[in-house]
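Report on one structure; see the data block that follows.
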Amino acid sequence: MKTKLLAAGIAACFALPAMAQSSVTIYGIADAGVMYVNNGGGDARTKLVSGIADGSRLGFRGVEDIGGGYKAIFNLEARVELDTGRQQTGNLSSNRTLALTDGLNLTIPGLPAAVGAAVTNIVVGAVNPAVNVNPNNALFDRTSMVGLVTPVGAVLLGRMYTPGYEVLAAGDVFESGTAAGWGGIVGGTGGLLTAGVAIRSDKSIQYRMELPNGLKASAMYGTEKSGYIGLDKRSWGANVRYVANGWDLGLGHNHGTDQVGARGLITTTLAGAYSFDQWKLFAGAHKQKNENSVIIRLVGDTLAAQLPAGLPAAVAPLIPTMLARINTTLKRNFYLDAISYQVGLHYKVGAGRIMASVVRQDDKRADASDATQYGLGYDYNLSKRTDVYAIAAYIKNENDGQYAIGAASASGGFTSKPGQSSKGIQLGMRHRF
């Protein structure tokens, strides 16, 4: 059967309105709400949060019909944090992860204890950055691409969602947002620094196709400095989806590398949903492994540049030993090996819907960071463009787990200490324009 890529299909991949021919469209989402969260240890607070159900954004999209079944397209989409007006944010919790520096020992003969403590504090700060969403402060952090749609598929160039993440997002009961989103407990004990899926990739080339019978597929290749934070030597991924007759099923795979090309973040996702009558049922599994995180080399290179300037000359010969111990500790603690499972449903009630899910993060490491997340929500449509929602979520952490409930635009961060639960309620409003 002759393949055919639909312009509307391309638009759907970026969660955007349908494109008009020979035009430029300005669009966006304004989403914000109030969140009460209790992360244990007396850390209970109410705060205003931007982008709870959907990340707030401002975008520009264009298409030109150049004839013969060919269309030129582009998409530029900027992050907007409504609570501050900025394009960067950090964890919703101010707590720090304890797992990433666990076991770090800088007690070295000849090294003053005060120096060892100071360097340890530098490492702790490096793995607990104040800004971890759009750290480069890119203008079009969400999407920036140009492409050509042809009768046999589309070729896209730029920064885009990865094939593996598209499957995870399509299978998420809470649609990649709110305190109950599947991605909230996908990853390791370092939050976004130990991400369990590459959401977008810089410097990438993507091919997409869609058949009239609902079968879709994509393949992506990331050149140098691609991947989930733009530091991979190379990256690639692919997916295949079936979206028809009530089904939305997908299988996706992402393969990342570190700065020297060693195996990095690798994920495989099988997820989907089936709609009938007032119901939509969801199920999925997501395998994640990261043997060589790009963060390790990034932290090591930063420390190697900073330490000589900040340490007494007498301890300069001990710097290589310190760096070796830091690298060994980070390599052990950044290692990720887990499988996440999700089941859930939507049930339509009038102009709204009830949403419920259970997510389990099954950590395969010896010092496991297991967690189970329960979510319940109600989303009510005031109009075609505006809805209000209420979400309740509870994360039961086990062992070294410090997961805290988050939102679409920001990681929840961490509980006060390992093994403590996180629970909260979110009330918000979303307007699409």
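Pairs from the list Lys71/Lys233; Lys289/Lys396; Lys287/Lys331; Lys348/Lys384; Lys47/Lys280; Lys289/Lys417 with a Cα-Cα gap above 26 Å: Lys71/Lys233; Lys47/Lys280.
Helix 319-334 sits at what angle to the longest principal axis of the chain, using alpha carbons and giving 0 to 90 degrees rounded to 10? Between helix and principal axis, roughly 40 degrees. For the chain, a Kirkwood radius taken over Cα pairs fed into Stokes-Einstein (20 °C, viscosity 1.002 mPa s) yields D = 95 µm²/s.
Descending by average beta-carbon neighbour count within 10 Å, the peptides 418-426, 66-74 line up as 418-426, 66-74, the highest first. Taking the chain as the reference, fit the longest principal axis to its C-alpha atoms, fit the long axis of helix 294-310 to the helix C-alpha atoms, and give the angle between the two in degrees, 0 to 90, nearest 10. So the helix axis and the longest Cα principal axis differ by about 40 degrees. Diffusion of region 320-394 by Stokes-Einstein, at 10 °C in a medium of 1.306 mPa s and with Rh set to the Kirkwood radius over alpha-carbon pairs, works out to 101 µm²/s.
Multiplying the residue separation of Tyr274 and Tyr380 by 0.36 nm and removing their Cα-Cα distance gives an extension gain of 36.0 nm. With all protein chains in place and a 1.4 Å probe, the accessible surface of region 147-222 carries 70 percent carbon and sulfur. How large a share of the accessible area of region 60-120, in percent, is made up of carbon and sulfur atoms when the probe is 1.4 Å and the other protein chains stay in place? Carbon and sulfur atoms account for 54 percent of the accessible area of region 60-120. Look at the alpha carbon pairs under 8 Å that are at least 6 residues apart: their mean separation over the length of the chain gives a relative contact order of 19 percent. Only protein heavy atoms count here; on that basis, with a 1.4 Å probe, Lys348 has an accessible area of about 120 Å².
Residues Val152, Val37, sorted by accessible area with the largest first, give Val152, Val37 [1.4 Å probe; ligands and nucleic acids excluded]. Averaged over its residues, the chain has an accessible area of 42 Å² per residue, based on protein heavy atoms and a 1.4 Å probe.
With a cut-off of 11 Å between beta carbons, the residues surrounding Met160 carry a summed charge of +2, where Lys and Arg count +1 and Asp and Glu -1.
Its residue count N sets the reference 2.2 N^0.38 Å, and the alpha-carbon radius of gyration of region 309-362 equals 2.46 times that reference.
Couplings 3J(HN,Hα) of region 413-420, computed from phi: x, 9, 6, 4, 8, x, x, 7 Hz, in residue order, whole Hz [Karplus 6.51 cos²θ - 1.76 cosθ + 1.60, θ = phi - 60°; x for Gly and Pro]. From the P(r) of region 266-410, can you give the percent of Cα pairs sitting at distances over 21 Å? Summing the P(r) of region 266-410 above 21 Å gives 62 percent of all pairs.
Computed over region 193-264, relative contact order equals 25 percent, with contacts defined as Cα pairs under 8 Å that lie 6+ residues apart.
Between the Cα long axis of helix 113-126 and the first principal axis of the chain there is an angle of about 0°, rounded to the nearest 10. Carbon-plus-sulfur accessible fraction, region 302-374 (probe radius 1.4 Å, protein heavy atoms only): 64%.
The values are calculated or read from the model by the stated rules, or taken from the named source; none is laboratory data. Because the structure is a prediction, the values reported are computed rather than measured. Quick reminder, even Gly has a Cβ in these numbers, built from the backbone with ideal geometry, and neighbours come from all protein chains shown. With ligands, DNA and RNA removed, areas are computed over all heavy atoms of the protein, side chains included. Shrake-Rupley method; radii C 1.70, N 1.55, O 1.52, S 1.80 Å.
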